Amino acid sequence: MVFNMKNNETTTRRGLKNRHIQLIAIAGTIGTGLFLGAGKSISLTGPSILLVYIIIGALMFILLRTIGEMLFTDPEQHSFLNFVTRYIGEKTGYFISWTYWLVVVFMAMAELTAIGAYIHFWLPQFPIWLSEIIVLGLLTGLNTLNARFFGETEFWFGMIKIVAIVGMILTAIILMLTHFKSGSDAVGFQNITQNFHFFPNGISKFFESFQMVMFAFVAMEFIGMTAAETENPRPTLKKAINQIPIRIILFYVGALVAIMCIYRWQDIPANQSPFVMIFELIGVKWAAALINFVVLTSAASALNSALFSTTRNLFALSKLNGDRILKPFTKLSKNGIPARALIFTSCLVFVTPFISMIPSVSNGFVFITSVATNLFLIVYILSLIAYLKFRKSNDFDPKGFVTPFAKFLVPITILGFGLIFVSLFFFNETLVPAIGSFIWIVVFGLISKLRPSKKANQ
């Protein structure tokens, strides 16, 4: 991101190319949850996991269409969170803005923890904490450059993930066409349809899988953040969002169908990546190393995006709220980067290596990501409520990038996200994070409500 410094302004010059945002949008729909979590999600509910992915994908598409519509009417806004302040109120905007900033910091910490584990796979003697510090330093350095470098980094990170997914799908097609046998079973759709049961492990496992799939989709709205950085935001944003259903079907549903065609879903272990199994099946002896490289770049991509997003959010929030303690974060470097905001954010993420030294770090990783997912749901719900108010305002443009059947689909999406959040209180692995999220909502919600408004200070 490069800021226009003429006349002391701090408006951004758009630095991302169309190919950047298109590739970032594609890769943004592919999370590490798919590469590492596919086995666990399939083991929960079998082939009906496809329906879960389609449902969550549909909810996220409606969310992104509403965000896209609001940004389309006012592309000068560099965050969809600004619309919450505009249409719901200053106090709610304050709550959601800082909640979102904190959530993405947590996501960055979780991804850095994962990166340390992935590097440890290759360098078991190398200290995990040191590898995390090196990676954080490198990505912080990249973020001191302009948006073009961010775009190029994400472009190639995303390309690696896409090649891995497409390669696996093509592998499944070739195996089916050549009547290849996986053990005693032939590769084909019969592995999905034979003895099909909609709830093979009970309806509770079906609903438990929603949380895992939701984690795979969170932060997809980063496309709304990057849209503000394109040279021609309106057509680029419109195209990127409209193509999301195709990407979900191709990359998520397509990958899961390919996996379950090659292996009977009952034979897929919950604690192993199916991607490793498939590449080993076709003779790739270094399959584990290959997938480790893919998930490493995927986590690095997520961390890079999180640093980019949280830095700009902290800069924008500091300018918007005008609090004296936040004034240092409103300063720009000579090349127009909010460097102080970046350094502060990186310092918070820097806590991660010390967390990695705790023996229960794996539980800490699960806790952090679960809390982040829960709070993402609250952010999404408030954003959708803001959209409903936007539809009733004079800003609504019936000839713009209008969300289809919004009066019907948006309330359903709010209900869907709400039910997923409530369901988190009924499963052992998500209960504590759900309680923690609820405490944050209540405590920081009260702080936001009791905080004097700007008008009162004027």
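Quick rundown of the values:
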| read-out | value |
| --- | --- |
| Filter result for the condition that a residue is touching a helix residue (DSSP H, G or I) at 6+ places or on another chain (Cβ under 9 Å), surrounded by fewer than 22 Cβ atoms within 10 Å (Cβ to Cβ) and either among the aliphatic types (A, V, I, L, M) or within 30 Å of residue 174 (Cα to Cα) (or both), over 320, 307 | 320 |
| Options 309, 362: the member that is at pLDDT below 80 and over 19 Å from residue 98 (Cβ atoms) | 362 |
| Meets criteria (assigned to a helix (DSSP H, G or I), out of contact with any helix residue (DSSP H, G or I) (no Cβ under 6 Å at 6 or more places or on another chain) and surrounded by fewer than 21 Cβ atoms within 10 Å (Cβ to Cβ)) for residue 409 | no |
| Lone unmet requirement of (1) of a type in the set (A, V, I, L, M); (2) crowded, with 23+ Cβ neighbours inside 10 Å; (3) modelled with pLDDT of 85 or more for residue 203 | (2) |
| Flag if residue 165 is farther than 28 Å from residue 47 by Cα, part of a helix (DSSP H, G or I), under 28 Å from the mean Cα position of the chain (by Cα) and aliphatic (A, V, I, L, M) | no |
| Sole exception among (1) surrounded by 13 or more Cβ atoms within 10 Å (Cβ to Cβ); (2) modelled with pLDDT of 85 or more for residue 190, by number | (1) |
| Residue match in the range 340-347 (condition: touching a Phe, Trp or Tyr at 6+ places or on another chain (Cβ under 8 Å), modelled with pLDDT under 85 and more than 28 Å from residue 413 (Cα to Cα)) | no |
| Residue that is surrounded by the fewest Cβ atoms within 10 Å (Cβ to Cβ), among those in the range 369-401 that are part of a helix (DSSP H, G or I), in contact (Cβ under 8 Å) with a residue 40 or more places away in the chain and over 23 Å from the mean Cα position of the chain (by Cα) | 389 |
| Flag for residue 426 being of a type in the set (Phe, Trp, Tyr) and loosely packed, with under 15 Cβ neighbours inside 10 Å | yes |
| Failed item in (1) farther than 16 Å from residue 42 by Cβ; (2) assigned to a helix (DSSP H, G or I), with residue 283 passing the rest | (2) |
| Those residues of the range 221-235 which are surrounded by fewer than 23 Cβ atoms within 10 Å (Cβ to Cβ) and modelled with pLDDT of 75 or more, in sequence order | 234, 235 |
| Test result for residue 130, in contact with a Pro (Cβ under 9 Å, 6 or more places away or on another chain) and farther than 20 Å from residue 161 by Cα | yes |
| Filter pass, residue 204 being of a type in the set (Ser, Thr, Tyr) and closer than 18 Å to residue 273 by Cα | no |
| Test: residue 420 is within 25 Å of residue 97 (Cβ to Cβ), among the β-branched types (Val, Ile, Thr) and assigned to a helix (DSSP H, G or I) | yes |
| Options 140, 92, 153, 171: the member that is of a type outside the set (Gly, Ala, Ser) and closer than 30 Å to residue 393 by Cβ | 92 |
| Test: residue in the range 211-229 that is more than 28 Å from residue 135 (Cα to Cα), β-branched (Val, Ile, Thr) and under 20 Å from the mean Cα position of the chain (by Cα) | no |
| Cβ pairs under 7 Å, 6+ apart, first in the range 84-108 and touching a residue at least 12 places away in the same chain (Cβ under 8 Å), second among the basic types (Lys, Arg) | 87/389; 88/389; 90/454; 91/449; 91/451; 94/451 |
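The values are calculated or read from the model by the stated rules, or taken from the named source; none is laboratory data. Owing to the predicted nature of the structure, the values given are computational and were not obtained by experimental measurement. All Cβ positions, glycine included, derive from the backbone under ideal geometry; neighbour counts span all protein chains shown.
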